[in-house]
Amino acid sequence: MLYSLAVFLPLIGAAVAGLFGRLIGDRASQYVTCGALIASAAISTLILYEVALGGEPRTIVLFSWITSGTFDVVWSLRFDQLTAVMVFVVSLVSACVHVYSIGYMHHDPSIPRFMAYLSLFTFFMLALVTADNLLQLFFGWEGVGLCSYFLIGFWYDRPAANAAAIKAFIVNRIGDFGFALGIMGVFLVFGSIEFSTIFSAAPEKADATISFLGYEAHALTVLCILLFIGAMGKSAQLGLHTWLPDAMEGPTPVSALIHAATMVTAGVFLVARMSPLFEYSPAALTLVVVIGAATAFFAATIGLCQNDIKRVIAYSTCSQLGYMFFACGVSAYSAGIFHLMTHAFFKALLFLGAGSVIHAMSSEQDMRKMGGLYALIPLTYGLMWVGSLALAGIPIFAGFYSKDVIIESAFGAHTLAGDFAFWAGIAAAFMTAFYSWRLLIMTFHGVARADERTMAHVHESPKSMTVPLIVLAIGAVFSGMLGYHYFVGDGLKEFWGDSIFVLPGHDALENAHHSPLWVIALPIVVAVAGIALAYWLYMFRPSIPGELAGRFGAVYRFLLNKWYFDELYDWLFVRPAHRVGRGLWKEGDGTLIDGLGPDGLSAVARVLARRVSMLQSGYVYHYAFAMLIGVAAFVTWYLYAHG
């Protein structure tokens, strides 16, 4: 019962705030939803202790969900080690976001609706990670997609927010189509969508083939690629990433919740959960490595030139997700989940810290209009330093432990794809450190570039916002050193149990612990170099970045415009679809269907009616003439018929 409450308390909070928010008021809605999430986070700590550290996984059967012929789905809550970690991270970060929202959203007129959306989003995410079968997982998967639409477009009176919400929804549907096909394919191959049945039968299906698009293909490769397409959409990987920066149109707590520990990490969780299938498909694993490494590099390059404080952090999220994926691709799933956990703390800290800056700057998000804030909001400044140090992978901080072991695992894979991921990860680490300190310096140092009226109102955030930041900062400092032994160190086998499967011979993570010294030191060296370069350019030589942007204008515009992916997709898909849709509307529907159908019939009826009405002249002799014509016609017919 207690374990079930961890999942359903957020749903209860969402129902109370959503259905009775106007009745109970803003403050009560906040207390109910925050209380439910804090209780869920407390229970998740117990779950982590008993299930992961205590080695006591369990499955709680709730009810029979769907029965149709041989298709039988039971709604069960699967609490293994992987689930325990995810439930802990999701509920703890979400609780911090809920409390933070009390201060950040206090002027908003729709507080109960916002809190209800946050709690409902959290419930769907918890339903996703506790799923015991693919359909139940898909229920949570689609639920977080729906709630992301609500949250990104929360300020629906802003056209940009509406467009961003629609974009996120549509791009995710593309990935979800692949995911849905993958679920159908799993049922076709295994005759079940229950995880225990699928995983136990996976070795027997290692060489199975399936007819796909007219070809006989390796069954598990097809299934894993389809599932990974779903993961790409949800986790904003290269090609299906375009929704993520636009999602910054939502309130800052939404950005922290979606881009830190919940929605965008669902794809990483899916790949780790389905490791018993991915391990038997080298081609699918290679694809995961390549896409993840390319995303890590690509997103980092864009982060170098962005000026919106939230968009810089958003592209950082996209890049860090790439690290998680290529860790899974080299079979270092536990390293990927380790980085997912540490990243949740420091990325939520950075997003909420950025929200504290935006709150202090009267909703200003452009870093070019900031500067000189460190003395005015010192607590936020210090906490942003903690998050940035963790993100850059500086020793002692959480990101150092998780990101470095991923880079070392890529090197330890001793494959071409692994080498590509290693060097892409090194390059991304340098750029990550650079744009992190570019953000810090442009925001907090130098001369104040905002107007005097804005600067006069700069103030530190209230405790409802700073206390969650401090909690997340503690995680950003200590989660790496505390989790290393269990997640990727000597205790990993006992910690993870059977929740993650790795074939013998897939020993990239083991090899990571025996990496050469230069491999271990290189990520730290490039991170320090990135920080030093950012300091030199933006603190001591602030004129140089502008000069470089002018000299290399084409490259600067290419990165500033996000590699022109939006323009490319607009040209490839949006405009042709618009032309086809307009043609079907105007020519197909308007001219052909309506022209020959209802519009044509009504036009003929109007013409006939108009001509008949011409006979109604009002002159008696016209009517008498018509009557004589009628009588003559009737007599003629009668004589002809009886003649």
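The values are calculated or read from the model by the stated rules, or taken from the named source; none is laboratory data. Computed from a predicted structure; not experimentally measured. Here the Cβ positions follow ideal geometry from the backbone for every residue, glycine too, while neighbour counts run over all protein chains shown. Ligands, DNA and RNA are stripped out before the accessible areas are found, and what is left, the full protein with its side chains, is counted by its heavy atoms. Shrake-Rupley method; radii C 1.70, N 1.55, O 1.52, S 1.80 Å.
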| query | How many of the residues in the stretch 495-518 are surrounded by 13 or more Cβ atoms within 10 Å (Cβ to Cβ), within 25 Å of T415 (Cα to Cα) and not aliphatic (A, V, I, L, M)? | reply | 7
| request: With the condition kept exactly as written, say whether any residue in the stretch 266-273 is over 25 Å from A392 (Cβ atoms) and not hydrophobic (A, V, I, L, M, F, W, C). | output: yes
| said: Checking the structure you have, find out if any residue of the stretch 160-177 is open to solvent by 10 Å² or more (accessible area, probe 1.4 Å), touching a helix residue (DSSP H, G or I) at 6+ places or on another chain (Cβ under 8 Å) and under 30 Å from A28 (Cβ atoms). | reply: no
| field | Of residues in the stretch 49-68 being under 18 Å from M1 (Cβ atoms) and not in a strand (DSSP E or B), the one least open to solvent (accessible area, probe 1.4 Å) | value | V51
| task | Can you tell me which residue among A450, A433, A456 is buried (at least 24 other Cβ atoms within 10 Å of the Cβ) and either touching a Gly at 6+ places or on another chain (Cβ under 8 Å) or free of Cβ contacts under 8 Å to residues at least 40 places away in the same chain (or both)? | result | A433
| request: State which residue is nearest to the chain's Cα centre (by Cα) when the search covers only the stretch 86-129 and only residues that are hydroxyl-bearing (S, T, Y) and within 19 Å of G153 (Cβ to Cβ). | output: T122
| field | Test: R113 is within 19 Å of L244 (Cβ to Cβ) and open to solvent by 10 Å² or more (accessible area, probe 1.4 Å) | value | no
| note | So, first residue within 22 Å of F138 (Cβ to Cβ) in the stretch 156-177, second residue among the aliphatic types (A, V, I, L, M) and not in a helix (DSSP H, G or I), Cβ within less than 6 Å, six or more apart or across chains; the pairs are V171/L240; G175/L240
| note | Here the qualifying pairs (Cβ atoms under 6 Å; residues six or more apart or on different chains; first in the stretch 353-372 and over 14 Å from K463 (Cα atoms) and of a type in the set (F, W, Y); second open to solvent by less than 20 Å² (accessible area, probe 1.4 Å) and in a helix (DSSP H, G or I)) come out as none
| Of the residues that make up the stretch 278-296, is at least one surrounded by 24 or more Cβ atoms within 10 Å (Cβ to Cβ) and within 16 Å of A165 (Cα to Cα)? | no
| field | So H414, is it more than 27 Å from the chain's Cα centre (by Cα) and open to solvent by 10 Å² or more (accessible area, probe 1.4 Å) | value | yes
| said: Being under 17 Å from H513 (Cα atoms) and assigned to a helix (DSSP H, G or I) is the filter here; which residues of the stretch 405-418 pass it? | reply: V405, I406, I407, E408, S409, A410, F411, G412, G418
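Of all residues in the stretch 363-385 being over 21 Å from R311 (Cβ atoms) and not in a loop (DSSP other than H, G, I, E, B), which is least open to solvent (accessible area, probe 1.4 Å)?
At the first step, the residues of the stretch 363-385 found to be over 21 Å from R311 (Cβ atoms) are 372, 374-376, 378-379, 382.
Going one step further and asking which of them are not in a loop (DSSP other than H, G, I, E, B), we end up with 378-379, 382.
Numbers: P378: 75, L379: 69, G382: 33 Å².
Filtering the stretch 363-385 for residues that are over 21 Å from R311 (Cβ atoms) and not in a loop (DSSP other than H, G, I, E, B), the one least open to solvent (accessible area, probe 1.4 Å) comes out as G382.
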| request: Could you tell me whether the stretch 297-309 includes any residue that is under 21 Å from E460 (Cα atoms) and open to solvent by 10 Å² or more (accessible area, probe 1.4 Å)? | output: yes
| task | Please find, within the stretch 218-253, the residue that is surrounded by the most Cβ atoms within 10 Å (Cβ to Cβ) out of those that are modelled with pLDDT under 90 and β-branched (V, I, T). | result | T252
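With L340, L321, L350 as the choices, which residue is free of Cβ contacts under 8 Å to residues at least 60 places away in the same chain, assigned to a helix (DSSP H, G or I) and crowded, with 24+ Cβ neighbours inside 10 Å? Working first, answer last.
On the way: L340 fails: free of Cβ contacts under 8 Å to residues at least 60 places away in the same chain; L321 fails: free of Cβ contacts under 8 Å to residues at least 60 places away in the same chain.
Exactly one of L340, L321, L350 is free of Cβ contacts under 8 Å to residues at least 60 places away in the same chain, assigned to a helix (DSSP H, G or I) and crowded, with 24+ Cβ neighbours inside 10 Å, namely L350.
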| touching a helix residue (DSSP H, G or I) at 6+ places or on another chain (Cβ under 9 Å), of a type in the set (A, V, I, L, M, F, W, C), open to solvent by 10 Å² or more (accessible area, probe 1.4 Å) and modelled with pLDDT of 90 or more, is that true of V99? | yes
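Across the stretch 52-96, what is the number of residues that are of a type in the set (F, W, Y), modelled with pLDDT of 90 or more and closer than 19 Å to L134 by Cα? It would help to see each step written out before you state the result.
Going through the stretch 52-96, the residues of a type in the set (F, W, Y) turn out to be 63, 65, 71, 75, 79, 88.
Retained after the next criterion (residues that are modelled with pLDDT of 90 or more): 75, 79, 88.
In the following step, the residues that additionally are closer than 19 Å to L134 by Cα were identified as 75, 79.
Here the count works out to 2.
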| L352 at pLDDT below 90, touching a Phe, Trp or Tyr at 6+ places or on another chain (Cβ under 6 Å) and of a type outside the set (D, E) | no
| query | Which is hydrophobic (A, V, I, L, M, F, W, C) and not in a helix (DSSP H, G or I), of A421, A429, A450? | reply | A450
| said: Please go through the stretch 224-253 and give me each residue that is closer than 11 Å to L270 by Cα and either in contact with a strand residue (DSSP E or B) (Cβ under 6 Å, 6 or more places away or on another chain) or in a loop (DSSP other than H, G, I, E, B) (or both), ordered by number. | reply: S235
| message | For the stretch 116-159, which positions are in a helix (DSSP H, G or I), open to solvent by less than 10 Å² (accessible area, probe 1.4 Å) and of a type outside the set (A, V, I, L, M, F, W, C)? | response | S119, T122, Q136, G140, G143, G145, S148
| query | Are any of the residues in the stretch 483-500 under 25 Å from V129 (Cα atoms), more than 25 Å from the chain's Cα centre (by Cα) and aliphatic (A, V, I, L, M)? | reply | yes
| Is it the case that the stretch 471-494 has a residue that's in contact with a Ser or Thr (Cβ under 8 Å, 6 or more places away or on another chain), exposed (fewer than 15 other Cβ atoms within 10 Å of the Cβ) and closer than 30 Å to Y535 by Cα? | no
| said: If I ask for residues that are acidic (D, E) and either closer than 13 Å to A335 by Cα or part of a loop (DSSP other than H, G, I, E, B) (or both), which ones from the stretch 478-495 would you list? | reply: D490
